[in-house]
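Participant: Dumping the structure here so I can ask a few things about it.
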Amino acid sequence: MEEIVAIKEYLKKLQKIINFEHVFSFGGLHLVKKARIDDIFCCIYAKLPDSYKKMLKSKTDIQRYGSVLSYSVLTKLLARKFFLDKNLCMVNLSEANKLIGTVLTSIERDINAIEQHFNQHEG
């Protein structure tokens, strides 16, 4: 349970970084330091249960859980490097905020469901 709280806090921190710590913005795109994004994703990944990580790698079951699908899309969205400076990522602000919101609202339910799924198939 405390891992879920920590994950949500890291997601909120990620949201603050992309919203307020951008180097430059034009239109709905923000340029954010890649290192800042990577640091937060490392922290989130460290707190995710192994069963959730397995689900992220799954090609078939990923559609069943909203947070897993949204998290997967979010990682790809935030990995787009700026063509003039590879140390910056181009972030579509509205898309990123929407995905983070989806993960925040459904991750707890999904982690519990995934844990149950794996426990049933192991036992």
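Coordinate-derived values only; no laboratory data. Please read these numbers as outputs of a predicted model, since none were measured by experiment.
Participant: Stretched out fully, how many nm does the piece from Lys76 to Cys42 gain, at 0.36 nm a residue minus the Cα gap?
Facilitator: 10.8 nm
Participant: Please sort through the DSSP H helices of the chain and keep those with an alpha-carbon extent of at least 30 Å along the long axis and a Kyte-Doolittle average not below -0.5.
Facilitator: Qualifying helices: 93-122.
Participant: If you find the alpha carbon centre of region 84-107 and of region 1-77, how far apart are they in angstrom?
Facilitator: Going from one Cα centre to the other spans 7 Å.
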